[in-house]
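Participant: I'd like to ask some things about the structure below.
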Amino acid sequence: MMNVLVTGCDGQLGNEFKKIALYEDDINWIFTDIDTLNVCNEAEILNFFNKNKIDVCINCAAYTAVDKAEDDETTARLVNATSVSYLAKTCKSHDSLLIHISTDYVFDGTSERAYREDDTVSPNSVYGKTKAEGEQFIMNSGCSYIIVRTSWLYSSFGNNFVKTMLRLGSEREFVNVVDDQNGNPTWAYDLACAIMLLIRRSNHNTVKEIFNYSNEGVIPWSNFAEAIFYIGGKNCEVRPISTKDYGSKANRPAFSALDKTKIKEYIGIKIPFWRESLIKCIEEIKNNINY
């Protein structure tokens, strides 16, 4: 039986793996968060791996507060880069496969086409820079790895754009949403399912790959918000504004669509269109979550 460790299990993606674990019964799942495994502590990671035979480590732990990272670069780097180097080093010494979640923010957003895995990274925010550093640590470590870059992640768990819009849609007559940032929304459940296929179909001893995964379809945040209100039954107006007028502290990619050709060919999947997945997620939220 394969032992799969999930770090950062209380986040959006980690919670989706908890759902998947209910029917992936040929896997021994080990779910940890900072209270049971602090990935920023190298000795603690090594001790954990020594006590538990880990075949695959899915690293869902991350510092994702993009604007806050601009003022807290030390912590962002510790979580997004340094801790990743610890995990990669430990996975190398224990012959474990490291699955690491990265982001579209490793790109600067100036491309005129969807980003491919082999495009040069050029982050323009602290968050993006620290995530890119984490990727590099993995590639330099010698461990077997799969890095999965994703974008605009949402789910029925935790805090995210979809849940925020549903809440605001019940409280306000209108919201201002930027219309000059374009990308791919991604339902965390779809991402988790794709990662499971990557694990099943990869040679754990030799794989060293980067993949892009997001739902299909490119839209601006303002259109995404309109769809959330429509599907969620909220009578709230979306007023498009520019990124400059919105005034975020961190720079965000103006265009960060991801080319998924590689992963579609590698695991043979048809990736759902963003609206299909949004409908499913909002239904899940309505049935289970009091937002």
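The values are calculated or read from the model by the stated rules, or taken from the named source; none is laboratory data. Computed from a predicted structure; not experimentally measured. Every residue, glycine among them, receives a Cβ derived from its backbone with ideal geometry; neighbour counts consider all protein chains shown. Accessible surface is based on the protein model in full, side chains and every heavy atom, while ligands, DNA and RNA are left aside. Shrake-Rupley method; radii C 1.70, N 1.55, O 1.52, S 1.80 Å.
Participant: Looking only at the range 14-38, count how many residues are open to solvent by 10 Å² or more (accessible area, probe 1.4 Å) and under 29 Å from Thr74 (Cα atoms).
Facilitator: So the answer is 8.
Participant: If you don't mind, there's one more thing I want to ask. For the range 19-34, state whether one or more residues are out of contact with any Lys or Arg (no Cβ under 9 Å at 6 or more places or on another chain), within 18 Å of Leu198 (Cα to Cα) and part of a helix (DSSP H, G or I).
Facilitator: Within the range 19-34 (the criterion being out of contact with any Lys or Arg (no Cβ under 9 Å at 6 or more places or on another chain), within 18 Å of Leu198 (Cα to Cα) and part of a helix (DSSP H, G or I)), the answer is yes, since at least one residue qualifies.
Participant: Somewhere in the range 112-134, is a residue among the small types (Gly, Ala, Ser) and touching a Ser or Thr at 6+ places or on another chain (Cβ under 6 Å)?
Facilitator: Pass one, the range 112-134, residues among the small types (Gly, Ala, Ser): 114, 122, 125, 128, 132, 134.
Now drop any that are not touching a Ser or Thr at 6+ places or on another chain (Cβ under 6 Å), which leaves none.
No, the conditions are met nowhere in the range 112-134.
Participant: Would you tally the residues in the range 1-13 being of a type in the set (Asp, Glu) and open to solvent by less than 30 Å² (accessible area, probe 1.4 Å)?
Facilitator: Looking only at the range 1-13, we keep the residues that are of a type in the set (Asp, Glu), and these are 10.
Checking the rest, the ones that are also open to solvent by less than 30 Å² (accessible area, probe 1.4 Å) come to none.
Of the residues in that region, 0 qualify.
Participant: Pick from Ile241, Ile231, Ile285: which is open to solvent by 20 Å² or more (accessible area, probe 1.4 Å), aliphatic (A, V, I, L, M) and touching a residue at least 60 places away in the same chain (Cβ under 8 Å)? Please lay out each step first, then the result.
Facilitator: Details: Ile231 fails: touching a residue at least 60 places away in the same chain (Cβ under 8 Å); Ile285 fails: open to solvent by 20 Å² or more (accessible area, probe 1.4 Å).
Exactly one residue qualifies, and that residue is Ile241.
Participant: Looking at (1) more than 16 Å from the chain's Cα centre (by Cα); (2) surrounded by 19 or more Cβ atoms within 10 Å (Cβ to Cβ); (3) not aliphatic (A, V, I, L, M), can you tell me which one Cys57 breaks?
Facilitator: Exception for Cys57: condition (1).
Participant: Return the total of residues in the range 39-51 being surrounded by 15 or more Cβ atoms within 10 Å (Cβ to Cβ) and over 21 Å from Asn80 (Cα atoms).
Facilitator: Looking only at that region, the number is 0.
Participant: Tell me which residues, restricted to the range 223-267, are under 18 Å from the mean Cα position of the chain (by Cα), of a type in the set (A, V, I, L, M) and assigned to a helix (DSSP H, G or I).
Facilitator: Within the range 223-267, Ile263 is the sole residue that qualifies.
Participant: Under 6 Å between Cβ atoms, which residue pairs at least 6 apart in sequence (or on different chains) link something in the range 120-141 that is free of Cβ contacts under 8 Å to residues at least 40 places away in the same chain with a partner that is open to solvent by 20 Å² or more (accessible area, probe 1.4 Å) and β-branched (Val, Ile, Thr)?
Facilitator: From the range 120-141, the pairs are Ala132/Val121.
Participant: Tell me which residues, restricted to the range 95-116, are charged (D, E, K, R), open to solvent by 30 Å² or more (accessible area, probe 1.4 Å) and either without any contact (Cβ under 8 Å) to a residue 60 or more places away in the chain or closer than 16 Å to Asp259 by Cα (or both).
Facilitator: Taking the range 95-116 and keeping what is charged (D, E, K, R), we get 95, 104, 108, 112-113, 116.
Now restrict to residues that are open to solvent by 30 Å² or more (accessible area, probe 1.4 Å): 95, 108, 112-113, 116.
Of everything in the range 95-116, those that are charged (D, E, K, R), open to solvent by 30 Å² or more (accessible area, probe 1.4 Å) and either without any contact (Cβ under 8 Å) to a residue 60 or more places away in the chain or closer than 16 Å to Asp259 by Cα (or both) turn out to be Asp108, Glu112, Arg113, Arg116.
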